[in-house]
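**Student:** Take this structure first; my questions come after.
The values are calculated or read from the model by the stated rules, or taken from the named source; none is laboratory data. Keep in mind that this is a model prediction, so the values were computed, not measured. Ideal geometry is used to build each Cβ from the backbone, glycine not excepted, and the neighbour counts take in all protein chains shown. All accessible areas refer to the heavy atoms of the entire protein, side chains included, with ligands and DNA or RNA removed. Shrake-Rupley method; radii C 1.70, N 1.55, O 1.52, S 1.80 Å.
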There are 2 protein chains.
Amino acid sequence: MDVTKDNFEKALKEFEAAVTQSDFVAMDMEMTGLYETKELQPNRLDTLDERYAKLKRSVELYGVIQVGVCLFTWVEGCRQEGEEVAATDGGAGDTGGYWEARPFNFNVFPSSSIGGIAMDTHFGFKSSAFEFLARNAFDFNKWVYQGVPYLRTEDAERIRKERMAMLTSRQRKIDADDRHRDFVRDFELALDTFIDSGEQALRYETENSYQRKLIHNIVSSHDTLGTRGRGDCIEIFKGSRSTMAKHTAHKIKTLNQNIKNARGFCAVIDLLSAARKPVVGHNMLLDVLHAFSKFHRPLPVGREEFERALSQFLPVLIDTKFIIESMPGVKDRYGTSSLDEIAPMLEREDSSDLAPIRLHSLFTRNASRTMHEAGYDAYMTGASFIRLLKLDGGVGRAAEQSNELVLYSYINKLHLSIGEAKFWHIAT
Amino acid sequence: MDVTKDNFEKALKEFEAAVTQSDFVAMDMEMTGLYETKELQPNRLDTLDERYAKLKRSVELYGVIQVGVCLFTWVEGCRQEGEEVAATDGGAGDTGGYWEARPFNFNVFPSSSIGGIAMDTHFGFKSSAFEFLARNAFDFNKWVYQGVPYLRTEDAERIRKERMAMLTSRQRKIDADDRHRDFVRDFELALDTFIDSGEQALRYETENSYQRKLIHNIVSSHDTLGTRGRGDCIEIFKGSRSTMAKHTAHKIKTLNQNIKNARGFCAVIDLLSAARKPVVGHNMLLDVLHAFSKFHRPLPVGREEFERALSQFLPVLIDTKFIIESMPGVKDRYGTSSLDEIAPMLEREDSSDLAPIRLHSLFTRNASRTMHEAGYDAYMTGASFIRLLKLDGGVGRAAEQSNELVLYSYINKLHLSIGEAKFWHIAT
């Protein structure tokens, strides 16, 4: 399901309903760049703290433009005949259930204003990263024009508090700067004339948002006056105290709605975190740090604090690249641990009737088969995870006990190349 | 004329032929952002050196994605009846000649590799800048997929020298790092075996560009062996000294062609600089610094050195925003000095038969009328310049002497807001 701001609400509802039922979630992201210079690239001689610092720098410099999240749910019992099967197995005759996949491809773009509140975001990008995306048919117009916005909880709360204080305060808080003293004096004269007049409303022209802020604040100290934005003008109007209370309540409602809309994709990540499901990725360190930093909260300075916070955010992480690198014989057999290369090979070889993988019927229409579209990559990562575990003893729920033994050896070990170390074991 | 890499060669020829005949050139750019934080924004209290430092920082942080260049040429004599006239004047009966405009809209995107040489570019972008472009129907896919590359003269020369040294040297220059000692030993063994064998060619697999560089360098010390890139392999082949000399000459030719192609849009700016024409912009300081930094050479650290270099690069600059702000009564009459607002008003009021403005016939097809498309903004800037000078005494060549007096008061004074200063007078 390709998700833009046009169908985000529907997708969010679908995601919310499905995530709690899912058994695990696969994730993948497309970014605007990786490392600014050669010196900032990961290096086998890094300590774990140095590596964290390099990854943090990458994540804070570059943007996320597409997030693939694929929910995998084990469905017990017979598969109906004639239904589409994503794996290449025959599909007839098995009774052991199947894996149902729901791949979401979220296009995300940070909005620069939330109900009139400026929230400009600065990102870096590398020409090579954009060229890589172009080679994979990425639609840059869809990203900018239709991307789902996002706003982290703590930023949303900060904005809400600031605006609530302005909406409910009856005190003048802002001292106009020197350049605006004349503006304030002129406005106060006009306001006094308006109050003494029989007029019910006054339109006052402003040149910028700072002037509008000044006016809102001056008027807020009068409990029988209200303000309404009117483009470059502000309208000041008279009313009883109860009218003004209703007017303020309406503004608060609008504010809350604006902030809810602005949170956008962060609501998906909140649901994912709350669901406590295993999250599977391929070479997922950067994806995990981006998910934390862009959609949850700022990255801590220190690595140990990050690990503690991560275990609260996404408690179970599984990296298919680590599995491939550490499962006996697998890398030798396929000659690669790159997802592009190994995922199609695993798909072709997956002829067993045990635990086939199929797309949920809502997700078959327009299903992408483009590698490096984040939704498809997330699907292929989750599917490869299932197929890798089949190599290592099967992953149907029937064999749950042995699966758990298999799985435990892969939990929270993220692929890494530092000296001889093959993974970063996240402390929990 | 909308220019992408698909029609760049044709556009460059057209530009080259027309620029020397033109009387002045108008310029405008679209960028990926302006200022990273509020503190880095221009401020009325800046000194000129501080302002230069802020502008330099902006230019070095953000990218240019579209450059509009519009050539204006005075054509003597009668206009033919029935031809299209861009200005709203009647167009009948005048005999005093007209201004012919050739607007080019160059979409530019920095290539990350030049004939196999990595040249990755890092830029910042602001979400607000991309949203601004989206509101003006900017095509981000055209930018990334079809943008004309660019490479400054000094970068091109550095790359050429490095590659020429590698192509013509017969000395081993590169000491393999520790990780590649085994690779070099294995390759040398294979090479010795190949030399002693009757084989004419050897294909050798490599994992990365560093390994390929090592092989090219090792083989270069043999004057009867040559190398050819073959994807991830390298082919080493035998031949006489004269065959190898021809092979090297061919490689040099290819290198020069690759570098010429990579220079791309910089060739347009070279022609513009060499033509010594007045360059007109609107609030043009950032455009001038971007033109210098992206397409000419890196910005000097100090403002005075920049001014000296600028007077060599583009000796005559004219800022229509400065003209509007300083021409008696003009800003009061129109109530604005913003190009979006004033350019259409000047166009509507330009009913005089004196010096009408028309598009050259090659440039009428698909001519954009979209404000904030750089080519159209450049056209509107140049047209506004002509119309402003008409207000100030006419700008037909017939009245050249008085025009020069009018013009001189505007040359190299760029609009600026610092305290009471209205412009930055570039020293020449």
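**Student:** Quick check on B:Ala309: is it at pLDDT 90 or above and either surrounded by 15 or more Cβ atoms within 10 Å (Cβ to Cβ) or among the aliphatic types (A, V, I, L, M) (or both)?
**Tutor:** yes
**Student:** Only one of (1) open to solvent by 10 Å² or more (accessible area, probe 1.4 Å); (2) among the charged types (D, E, K, R); (3) part of a helix (DSSP H, G or I); (4) at pLDDT 80 or above fails for A:Asp377. Which number is that?
**Tutor:** Here A:Asp377 meets the rest and fails (1).
**Student:** Identify the residue in region A:44-58 that is open to solvent by less than 30 Å² (accessible area, probe 1.4 Å) and of a type outside the set (S, T, N, Q) and, among all such residues, is farthest from the other protein chains (Cβ to nearest Cβ).
**Tutor:** Looking at the filtered set, the residue picked out is A:Tyr52.
**Student:** Restricting the search to region A:293-313, which residues are out of contact with any helix residue (DSSP H, G or I) (no Cβ under 6 Å at 6 or more places or on another chain) and under 25 Å from A:Val148 (Cα atoms)?
**Tutor:** Once the filter is applied, which keeps residues that are out of contact with any helix residue (DSSP H, G or I) (no Cβ under 6 Å at 6 or more places or on another chain) and under 25 Å from A:Val148 (Cα atoms), region A:293-313 yields A:Lys294, A:Pro298, A:Leu310.
**Student:** Starting from residues that are surrounded by 13 or more Cβ atoms within 10 Å (Cβ to Cβ) and aromatic (Phe, Trp, Tyr), keep the ones in region A:408-424 and report whichever is modelled with the lowest pLDDT.
**Tutor:** Among residues in region A:408-424 that are surrounded by 13 or more Cβ atoms within 10 Å (Cβ to Cβ) and aromatic (Phe, Trp, Tyr), the one modelled with the lowest pLDDT is A:Phe423.
**Student:** Might you check whether a residue that is of a type in the set (Gly, Ala, Ser), under 21 Å from A:Ser293 (Cα atoms) and modelled with pLDDT under 95 occurs anywhere in region A:29-41?
**Tutor:** Within region A:29-41 (the criterion being of a type in the set (Gly, Ala, Ser), under 21 Å from A:Ser293 (Cα atoms) and modelled with pLDDT under 95), the answer is yes, since at least one residue qualifies.
**Student:** Hey, another quick one. Consider B:Leu61 carefully, then state whether it is within 14 Å of chain A (Cβ to nearest Cβ), open to solvent by 50 Å² or more (accessible area, probe 1.4 Å) and touching a residue at least 40 places away in the same chain (Cβ under 8 Å).
**Tutor:** no
**Student:** Pick from A:Ile117, A:Ile195: which is of a type in the set (Val, Ile, Thr) and under 17 Å from A:Arg263 (Cα atoms)?
**Tutor:** Criteria check complete, one pass: A:Ile117.
**Student:** Please go through region A:93-134 and pick out each residue that is assigned to a loop (DSSP other than H, G, I, E, B), open to solvent by less than 30 Å² (accessible area, probe 1.4 Å) and either of a type in the set (Phe, Trp, Tyr) or at the interface with chain B (Cβ under 7 Å from one of its Cβ atoms) (or both).
**Tutor:** Passing the criteria: A:Phe109, A:Pro110, A:Ser112.
**Student:** How many residues are within 18 Å of B:Leu286 (Cβ to Cβ), of a type outside the set (Ser, Thr, Tyr) and either more than 12 Å from every other protein chain (Cβ to nearest Cβ) or surrounded by fewer than 19 Cβ atoms within 10 Å (Cβ to Cβ) (or both) when one looks only at region B:15-43?
**Tutor:** The number of residues fulfilling the criteria is 15.
**Student:** Kindly check whether there is at least one residue in region A:46-53 that is in a strand (DSSP E or B) and over 22 Å from A:Phe295 (Cβ atoms).
**Tutor:** No: region A:46-53 contains no residue that is in a strand (DSSP E or B) and over 22 Å from A:Phe295 (Cβ atoms).
**Student:** Oh, and also: Kindly establish whether A:Leu191 is at pLDDT 90 or above, within 27 Å of A:His250 (Cα to Cα) and within 13 Å of another protein chain (Cβ to nearest Cβ).
**Tutor:** Against the criterion (at pLDDT 90 or above, within 27 Å of A:His250 (Cα to Cα) and within 13 Å of another protein chain (Cβ to nearest Cβ)), A:Leu191 does not qualify.
**Student:** Also: When you check A:Val144 against the structure, is it more than 14 Å from every other protein chain (Cβ to nearest Cβ) and among the aliphatic types (A, V, I, L, M), yes or no?
**Tutor:** Criteria not met by A:Val144.
**Student:** Just to be sure I understand the filter: pairs with C-beta atoms under 7 Å, separated by 6 or more residues or on different chains, first member in region B:160-176 and over 16 Å from B:Thr248 (Cβ atoms), second member at pLDDT 80 or above and assigned to a loop (DSSP other than H, G, I, E, B). Which pairs pass?
**Tutor:** Every condition considered, the pairs that remain are B:Arg172/B:Ser221.
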